[in-house]
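Take a look at the structure below.
Just so you know, all these numbers are worked out from the coordinates, no wet-lab data involved. No experiment lies behind these values; they were computed from the predicted model shown. Don't worry about glycine lacking a Cβ; one is built from the backbone with ideal geometry, like all the others, and counts go over all protein chains shown.
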Amino acid sequence: MPDAIHIDDPDDPRLEDYREVRERDLVGRRGVFIAEGVVVLEKLIGFGRHPIRSVLVAEKRLSALQPMLASLAPNVAIYAAGQRVMDRVVGFPIHRGVLAAGTRAEPGLDGLLAGLPKTALVVGLVGIANHDNMGGLFRNAAAFGADAVLLDDGCCDPLYRKAIRVSVGAALTTPFARAGDADGLAARLAAEGFSVLALSPHGETDLAEAPTAARTAVLFGAEGPGLPASVMARAHAVGIRMAGGFDSLNVATASGIALHQLVVARRRATPF
């Protein structure tokens, strides 16, 4: 493991990636993202999808983290600082005491689709603007083995620090790409041979009876507006049946139910 560089000056320019995290998150980081927490860092290191620029840890945690940090590439700087210095740099009390700066490495839509297997499950997101929901959606996509996530132009950034944290690092491990507007996203999936399902409270087919296909994509819209009518017209609308008086769920919750149902249905259709 590279020797840790101990920092005692909160104005040290080597920590620029970590300075005033919340404010910088809001205006963008020009290709750099911040990962927070031990579990998230484990996924960032273990999957190697995005290059790591540096790591910043609280000095009190350095010893316990050495086995994990030992797997970092030799050129990745490891900075260690006292809690007071970390809090000053970051701009708020950083209780987890573990941060990493990474460089975005996204495959692009064409490359992502070209690399998908003949049997694939894809999640399509339309207008998801809430970072908690985005993180939950990625967590569920990873948990149920989705091969990729496609996002329309109205979606927020999956690599926003909070979205990464809520996803428990899944946003760093599940391939994703922007796919233009919502209609273009649905059309591209159909052109790639996917059976496109659109989850909606008004879906005419119960999710439990949704048709299965080797290539299946399921689309989720934002809570409230849902999926646009033009997108629904391009897909097979399916719904989750609920007790009387309720017709919708939080979109992340709905995605967990839907993805589990689809995975179970596909296993039954293609038993080992």
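How would THR212, THR174 line up from fewest to most surrounding beta-carbon atoms within 10 angstrom?
Listed from fewest to most nearby Cβ atoms, that is THR212, THR174.
Quick one: order ARG267, ARG139 by neighbouring beta-carbon count within 10 Å, fewest to most.
ARG267, ARG139
Specify which labelled value, from (i) 0.96; (ii) 1.00; (iii) 1.03, agrees with Rg/Rh (Cα atoms, Kirkwood Rh) derived from the coordinates of the model shown.
(iii)
Give me the extension gain from ARG19 to ASN250: residue separation times 0.36 nm, minus the current Cα-Cα distance, reported in nm with one decimal.
Numbers: separation 231, 0.36 × 231 = 83.16 nm, distance 3.36 nm.
Answer, rounded to one decimal: 79.8 nm.
Counting other C-beta atoms within 10 Å, which of SER167, SER248 has the fewest, and how do the rest follow?
Going from least to most buried by this count: SER248, SER167.
Take the chain, mark every one of the GluC sites (Glu not before Pro) that falls in a DSSP loop and has at most 16 other Cβ within 10 Å, then report the longest stretch left between them, sites excluded.
It works out to 21-191.
Under 10 Å, Cα contacts only: if you run a Gaussian network model on the chain, which one of HIS50, HIS95, HIS236 comes out with the highest mean-square fluctuation?
The residue with the greatest mean-square fluctuation here is HIS95.
Separation between the VAL32 and GLN66 pseudo-spin-labels, each 7 Å from Cα along Cα→Cβ, expressed in nm?
2.9
Along Cα→Cβ, 7 Å out, is where each label goes; now give me the distance between the ones at HIS6 and ARG241 in nm to one decimal.
Those two pseudo-labels are separated by 6.6 nm.
Roughly how big is the chain's charge dipole about its Cα centre, with Cβ charges of +1 (Lys, Arg) and -1 (Asp, Glu), in debye to the nearest 20?
600
If you filter the stretch 77-118 for trypsin sites (Lys or Arg not before Pro), then keep DSSP loop positions with at most 13 other Cβ within 10 Å, what is left?
LYS118
Between ASP153 and ARG268, what FRET efficiency comes out of the Förster formula 1/(1 + (r/R0)^6) with R0 = 35 Å and r the beta carbon distance, rounded to 0.05?
So, using R0 = 35 Å, E works out to roughly 0.45.
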